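This is the structure I want to talk about, given as structure tokens.
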Amino acid sequence: MLKKIFLVFLLLVIAVNAENLAPYTSITANVEIEGEINLEYLSTQSELDYFEASLYFHPLEFQGQEVSRLDLESDGETRNDKENQVNFRWTENNEKLIYGLDADVTTSNIFRKIDKTIPFPFTEFKTEHFEYIEEKEFIDINRDIRDKANEIVEGEDDYYEAIYKIAEWVRSNIEYDLNTLTEKTVQKSSWVLENRFGVCDELTNLFTSMLRSIKIPVRYVTGLAHSDVIGGWSPHAWSEVYFPGYGWVPFDVTFGQYGWVDAGHIKMMEGDDANQPSVEYFWRSVKIGIKDKEFEVNASLIEKGEKFNSFLDLDVKVLENNVGEGSYVPIEVSIENTQSFYVSSLVYVSSAPGLDGDNARGVLLKPLQKKKIYWLVDVPGDIEEGFQYNAPVIIQDSLGATAEDEVVFAKGFDIIDYNEAKEKMDSLVVEEGKILSHELGLNCASERKDYYKDEDVKITCDSINKGNVPLEFELCVFSDCKSLKLGINEMKREDFIFDLDNFDERLFVKATGDGIVVSSFINIKVHDSPELIINSIEVLDPKYSSKGRIRVNVNAIPEINNLEVFIDGKSLDKFESLSGNNILNIDLNGWDFSIGENIVNLEFVYNNDRISEEIHFKVLDVGFLEKFIANLRKLF
């Protein structure tokens, strides 16, 4: 039998990236930005006070990206006095204002070495991260987004795995499609999920919204990325996800790069939404408007750094060989992470006679982990009799690792149909186990601890899903029940209001559902009417010519309003509102009382109640003049 070499190369299509720069440790590129504004002078009295262009889209400096040269070009004034902003200013009349930026930027292909498992869900974020958990104008969150994110990560207890699963779902299920709806306008995440297509902006929006819906902080990044598929450099969007203990970690769902981005990414801006302007214009003038404006960004590759070895070892094995025409052949790809940290990559079939399904698969491996994935290769049915065909099956990853085997087929060999091949492949697939956690946090409280019998009590309950599966449950106070549904890390607040008739001074709140029984108790006290308890009275004896003080320790249950204190019928002090334990400091004028020993009646009056206490004190240090004045006052 004669042999023929059968070569069919499958082009990897990952939206817009051929990943030719992925294996390089670094690259240096030149970035040029050119802007032009044409002003319209509407009358002979037109006058420009100033015109300013604030450029936000420019190369940033951070670990992994260095700006080695930055030249600002303008026919006006320029300044680079803010970290994320370059300003151009003109103060003279001119119909055309030109500005620009020329920079050399070196970017590195740096993996964030996540070497420990972070638990999921995770809730202990800092205040500075809250803005990156909230929904925004374009990165919106609706019920469909929340439900889909929960469906994808249900049962996951690994933070990195949860993020990876959502990233890979978006890459695999949202079609990259540059058309009139996505070319010049950014679509909201909810639109993307409903329509299932978009470009990098839309894929990044949806990925960000899904993560934020389960309370994972994500920020939106814009810049430039290199791609052979679209012919060089172009504006691009990706994400940075916060990893507790490690910081912000890049994820590009369009390119299938999770936990890293290749050196062809030049970061220019970061923020919390997709609607941030690249440049803004401000001006003050008399009868001047903008006729038109241009903004152009170009980049060119200066040099590539060294290539590095892939972090993964690949091996491929054709599981059935010597098969007949039209057969389906399962292939097994073994992947080993040789590093002591998590590694994610796309693994794809770059050459095969034919393939069932997508030729690219995302994988995430824990430190030193091994995995196996499978494809079905399909053999052509229209082959010549009398020949044996040898077709290479070549596997690659994003970082340059390769593995190769071959499939042998000819007419007259046994034919393996699709169902037989798929059954064998499915029997080899190992499903990763899930540990389902049904954990509900329940915190209920009343507005106060003390109430009157004729009042209504308001109970507020905060419920948070601390587990890794969506929860549905009934939340009840007595017989008043509400049906609730909580996604992972989602929190809801519910209020219950009821009267205090036949109340036994202990509220019982209970949440029950599939795998959930959570209780909370609230102790309150119910009083017939407000009550004031006098715990103690201490008198600091006054001198005749100065003030003394009465210190009264009281307990107002639950609350006393408009309390007035009298001494022998004379008002001493008023208190608008008291609640709980209080110390009342009441001033006492020595000259209002008799020299020496005094026994007086101290009264506390509130609502229609009155409490009387007898107190003793002395008026001290009375000289000749004070005695004379005291005797004189007795005459009147």
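Here, each number is a calculation from the coordinates, and none is a lab measurement. If you're wondering where the values come from, they're calculated on a predicted model, not measured in any experiment. In this analysis, Cβ positions are derived from the backbone assuming ideal geometry, glycine residues included, and neighbour counts consider all displayed protein chains.
Karplus couplings for region 526-531 from phi (6.51 cos²θ - 1.76 cosθ + 1.60, θ = phi - 60°), rounded to Hz, Gly and Pro as x?
Once rounded to whole Hz, the list reads 10, 10, 5, 8, x, 9.
For Asn93, what residues show an amide H to amide H distance below 5 Å, using hydrogens built from the backbone and excluding near sequence neighbours?
Correct list: Leu48.
For region 472-481, in order, what is each residue's ³J(HN,Hα) by Karplus, 6.51 cos²θ - 1.76 cosθ + 1.60 with θ = phi - 60°, in whole Hz (x at glycine and Pro)?
10, 7, 9, 10, 10, 10, 6, 9, 8, 10
Tell me, Met210, Met268 in order of fewest to most beta-carbon neighbours within 10 Å? Walk me through the numbers on the way to the answer.
Values: Met210 28, Met268 23.
Least to most surrounded, the residues fall as Met268, Met210.
State to the nearest 20 debye the size of the charge dipole of region 193-298 about its Cα centre, where the only charges are +1 on K and R beta carbons and -1 on D and E beta carbons.
380
Helix-derived [θ] at 222 nm for the chain: sum -39500 (n - 2.57) over DSSP H runs of at least 4, divide by residue count, nearest 500? Please report the intermediate quantities before stating the final value.
Working: 6 runs with 69 residues, N = 636.
Counting only the DSSP helices, I get -3500 deg cm²/dmol.
Ok, one more. Could you point to the residue in Asn173, Ile266, Asn608 farthest towards the positive end of the chain's charge dipole, with +1 and -1 charges on the Cβ of Lys/Arg and Asp/Glu respectively?
Of the listed residues, the answer is Asn608.
Region 107-142 to region 513-556: how many Å between their Cα centroids?
Distance between centres, Cα-based: 46 Å.
If you keep only loop residues by DSSP, which GluC sites (Glu not before Pro) in region 33-82 have at most 13 other Cβ atoms within 10 Å of their Cβ?
Working: sites: Glu34, Glu36, Glu40, Glu47, Glu52, Glu61, Glu66, Glu73, Glu77; in loops: Glu61.
Passing both the DSSP loop test and the Cβ count: Glu61.
Which GluC sites (Glu not before Pro) in region 462-519 pass both tests, a DSSP loop state and at most 11 other beta-carbon atoms within 10 Å?
Details: sites: Glu472, Glu474, Glu490, Glu494, Glu505; in loops: Glu490, Glu505.
The qualifying sites are Glu505.
Now for a separate question. For Cα extents along the principal axes in Å, the choices are (1) 140, 77, 43; (2) 123, 58, 45; (3) 139, 57, 38; which was calculated from the structure?
The calculated read-out lines up with (1).
Among the GluC sites (Glu not before Pro) in region 314-423, which ones are in a DSSP loop with at most 16 other Cβ atoms within 10 Å of the Cβ? Mind listing them? Kindly include the intermediate steps, with their values, before the conclusion.
On the way: sites: Glu320, Glu325, Glu332, Glu336, Glu384, Glu385, Glu404, Glu406, Glu420, Glu423; in loops: Glu320, Glu325, Glu384, Glu385.
When the GluC sites (Glu not before Pro) of region 314-423 are filtered for loop state and at most 16 Cβ neighbours within 10 Å, Glu384, Glu385 remain.
May I pose another question? Would you give the gap between the C-alpha center of region 477-501 and the C-alpha center of region 373-419, rounded to a whole Å?
Answer, in whole Å: 60.
Among Ser427, His527, Gly76, whose Cα sits farthest toward the positive end of the charge dipole of the chain (+1 at Cβ of Lys/Arg, -1 at Cβ of Asp/Glu, about the Cα centre)?
Projecting each Cα onto the dipole axis, the largest value belongs to His527.
Over region 428-490, what is the mean sequence separation of C-alpha contacts under 8 Å (at least six apart), divided by residue count, expressed as relative contact order in percent?
Values: 89 pairs, mean separation 19.0, N = 63.
Averaging sequence separation for qualifying contacts and normalising by length gives 30 percent for region 428-490.
In whole Å, what is the distance between the alpha-carbon centres of region 265-343 and region 580-603?
Going from one Cα centre to the other spans 81 Å.
Let me ask another. Whole-Hz ³J(HN,Hα) for each residue in region 86-101, computed from phi via Karplus 6.51 cos²θ - 1.76 cosθ + 1.60 with θ = phi - 60°, x for glycine and proline: what do you get?
10, 10, 10, 9, 10, 10, 10, 4, 7, 6, 10, 10, 10, 9, x, 9
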